[in-house]
Amino acid sequence: MKTAATPTERESQAEAELMELLRIPSVSADSKHSADVRHAAEWVAKKFAAMGLKPEIIATPGHPLVYAETPAVPGKPIALVYGHYDVQPPDPLAEWITPPFEPTVRNGAVFARGATDDKGQMLTHLQSVAAVLAAQGKLPLQVKFLIEGEEEVGSPNLGPFIAANLDKLACDVIVVSDSSQFAPGVPAVTYGLRGIAYYELRLCGPKQDLHSGTFGGGVTNPANVLAKLLASLVDEQGRIRVPGFYDDVVPLSGREREEFARLPFSDAKFAAQLGVNGFSGEVGYATLERRWARPTCDINGLWSGYQGEGAKTVLPAKAGAKFSFRLVPKQDPHQLTENLQQYLEAQLPPGVTMELIDFHGAPGVVFPLESKYLEAAANAIEQGFGKRPVFIREGGSIPIVGTFVRELGAEVLLLGWGLDDDNTHSPNEKFCLADYHRGTRASVALWDELAKTS
Ligand code: BES
Ligand code: ZN
């Protein structure tokens, strides 16, 4: 094989490029970072141009999309790579060992916000295409790239873009690396993701904060009401109490439960990894089942009253919370919003008003395991990682995946190169550099394996 650079040179160049992208604080949720998000889109476009492609930066009402494609290869399937260059907010900053946007290598991993989610994983496919083009001048099939800047805020503008560009995006298989391996040395193909429905609840009481002695007991306290409403979402058995919530939930099959149970997973080890002394959740389900294949509700943030030092006897005028449900396939986030609104309103005592803000929602997905593309992916992972992958579901959400299936009618391959302890969305996010290179090698093999399917 004719190579433009020795593998190690290419690997160190690929690492340097990842560091460059990680230095850009492309936080999509925070409008103060809009220029940085744009800068990251430009960086991705520049990388495509350096690979010899003709990238487009496509404006949306929010953050831009970056699109590029390699030449058509008649008679071969078309692969579409989807990834995201935006990242979650880095807070709490004080808990980072090194600053989130100053990528630093420790113990073979690069630490930075976005390292694994999704800059590092997404780049593996650009690096693989760059390597094949440099070595061979062409790919064995056409690869289209669609890289967005709004995944972490629920992809609000990508659905309409897809619906309006069906010809441009036409493909047979969609490749997404934005998930995880099962464990170090246990690569995985993910065949299911949970969906999501994300809300903010705002409660308003008296027109200003009051003395809790003078007014407490006479005036409804919005913080008390918030605590009661939030507690009413989940029962003692860990089941969600919003009416109709379980109507469309597909039960886990016995076969799937057996397969999950066969995976090398230990509650004790998992607890030690997270620094907790045990787990709780929906009664009757094992930890992996609850994380991957059962719906859940989590409070993501809540506030009210006095947060400063010492005690203050206040009856707060306002209280609020952000909370979200993870959904399983067939549950409809829009239906949930209606049911939730009614359920909360019915419990509201006099003296408090509520506003429920629906931030975003997306359904869960599960894919059949019988597929020639899945087999191709398993072969490619074996070549990149030296092991055949296990098949898993995961609990996170990639909101646009359901839209891809519906609008493009293509199969989706979720090939995660990350690890469970990569600290995604939390301080000290990392990505193992060996996995960056193994992922790139698996991606190189994937183009050949997919091309062989026809
Ligand atoms: N990479 C994650 C999705 C993910 C996490 C897949 C864990 C598999 C396992 C993605 O970037 C993400 O975090 N998505 C958000 C979507 C939300 C903001 C709409 C999520 O799951 O919270
Ligand atoms: Zn994420």
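Bear in mind that the values in this text are calculations on the coordinates, not laboratory data. Source: prediction; values computed, not measured. Cβ coordinates were reconstructed from backbone atoms using ideal geometry, including for glycine residues, and neighbour counts include every protein chain displayed.
Loop-resident trypsin sites (Lys or Arg not before Pro) (DSSP state other than H, G, I, E or B) in segment 195-234 with no more than 10 further Cβ atoms inside 10 Å of their Cβ: 207. The simple spin-label model puts a point 7 Å past each Cα toward its Cβ; for residue 387 and residue 56 those points are separated by 4.2 nm.
Need one word for segment 218-319: rounded, prolate or oblate. Basis is the Cα gyration tensor (sqrt eigenvalues a ≥ b ≥ c); a/c below 1.5 gives rounded, then a/b vs b/c decides. It is oblate, given that a/c is not under 1.5 and a/b is not larger than b/c.
Give me the log10 of I(q) over I(0) for segment 138-286 at q = 0.09, 0.12, 0.21 Å⁻¹, as the Debye formula computes it from C-alpha points; what are the numbers? Summing over Cα pairs of segment 138-286 leads to -0.61, -0.96, -1.42.
Between residue 180 and 416, 418, the built amide H atoms are under 5 Å apart, and every one of these is 5 or more places off in sequence or on another chain. For a quick check of your reading of the filter: which GluC sites (Glu not before Pro) in segment 297-370 sit in a DSSP loop and have no more than 14 other Cβ atoms within 10 Å? Of the GluC sites (Glu not before Pro), the ones in loops of segment 297-370 whose Cβ has at most 14 other Cβ atoms within 10 Å are 309, 370. Using the Stokes-Einstein relation with a Kirkwood hydrodynamic radius computed over Cα pairs, the translational diffusion coefficient of the chain at 25 °C and a viscosity of 0.890 mPa s comes to 104 µm²/s. Treating r as the C-beta distance of residue 95 and residue 227 and R0 as 35 Å, the FRET efficiency rounds to 0.85. Shown for segment 329-434 is the translational diffusion coefficient from the Stokes-Einstein equation, using the Kirkwood radius over Cα pairs, a temperature of 4 °C and a viscosity of 1.567 mPa s: 73 µm²/s. Phi-derived couplings, Karplus 6.51 cos²θ - 1.76 cosθ + 1.60 at θ = phi - 60°, listed residue by residue for segment 414-431: 9, 10, x, 9, x, 10, 4, 9, 7, 6, 5, 6, 10, x, 6, 4, 9, 9 Hz, with x used for Gly and Pro. A simple spin-label model places the labels of residue 265 and residue 299 2.6 nm from each other, with each point 7 Å out along Cα-to-Cβ.
Report summary: the helix-based calculation at 222 nm, which adds -39500 (n - 2.57) for every DSSP H run with n ≥ 4 and divides by the residues of the chain, gives -10000 deg cm²/dmol.
Once you sort the root eigenvalues of the Cα gyration tensor of segment 1-71 as a ≥ b ≥ c, which label holds: rounded (a/c under 1.5), prolate (a/b larger than b/c) or oblate (the other case)? The shape class here is oblate. Computed 3J(HN,Hα) for segment 297-313, one whole-Hz value per residue from the Karplus formula 6.51 cos²θ - 1.76 cosθ + 1.60 where θ = phi - 60°, is 9, 10, 6, 9, x, 8, 8, 3, x, 8, 10, x, 5, x, 9, 9, 7, glycine and proline marked x. Between amide H atoms placed 1.01 Å from N, distances below 5 Å from residue 175 occur with 80, 81, 82, 413, all of them 5 or more places distant or on a separate chain.
Sequence-distant contacts, meaning Cα pairs under 8 Å at least 6 residues apart, place the relative contact order of the chain at 26 percent. Shape of segment 402-454 from the C-alpha gyration tensor: oblate (a/c of 1.5 or more and a/b not above b/c, with a ≥ b ≥ c the square roots of its eigenvalues). At an R0 of 25 angstrom, the distance between the Cβ atoms of residue 345 and residue 235 translates into a FRET efficiency of 0.80. In this structure, the residue pairs whose Cα-Cα separation is over 18 Å, taken from 138/452; 387/452; 47/76; 168/372, are 387/452; 47/76; 168/372. Computed from backbone phi, the HN-Hα couplings of segment 318-329 come to 9, 8, x, 8, 10, 8, 9, 10, 9, 10, 9, x Hz, rounded to whole numbers (Karplus: 6.51 cos²θ - 1.76 cosθ + 1.60, θ = phi - 60°; Gly and Pro given as x).
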